[in-house]
Amino acid sequence: MHALKKNRPLRRTVLASAATVSGMVLLLALKPHTAPTVVTASTKSPAASSSPAPGSGSGSGSGSASGTTTATGDTVQTRWGPVQVRVTVRDGRLTDVTAVSSPQDNPRDQEINSYALPQLRREALAAQSAQIDTVSGATYTSDGYRQSLQSALDSAGL
């Protein structure tokens, strides 16, 4: 006679309870998706620097000044690693965006970033703001890039 036949209902109840508890433990062990968090340094001396253009009185990066401003955004800690962006603003326009750091821990991260970072850079230069689309397959990197880009633009005065 089989072990789970009707003459042993207690054994069936215990096994069903154990299976339910095991399933709940496995479900609760899954990591939830979390939004990226911004990591800020206590000193921001290298975060923003200005270099005036020849003949200009100010390198503040305001729309009327003819100068070049370079600003580095906050490091944003994503699920897969840190993302940080540096921007260059000339005459009130965003002229360059560079990813200072991005997730590089494994070959898959490198593969994703090899196609995502150039797309994000093009989007930022075209939009002249941090209002850019997320790159499919690089959601966490895109979110971190967008946050760091906004931080850098704020530092540059845009």
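Where a number appears in this text, it was derived from the coordinates with a stated rule and is not lab data. None of these values were measured; they are calculated from a predicted model. A quick note on method: Cβ atoms are made from the backbone with ideal geometry, for glycine too, and the neighbour counts reach across all protein chains shown.
Extension gain, Thr98 to Gln110: 0.36 nm times the residue separation minus the Cα-Cα distance gives 2.7 nm.
For Asp96, the residues whose modelled amide H falls within less than 5 Å of its own, excluding neighbours fewer than 5 places apart on the same chain, are Thr88.
Computed from label points 7 Å out along Cα-Cβ, the spacing between Arg8 and Asp91 is 8.6 nm. Each Lys or Arg adds one and each Asp or Glu subtracts one; over the other residues with Cβ under 13 Å from the Cβ of Val97, this totals +4.
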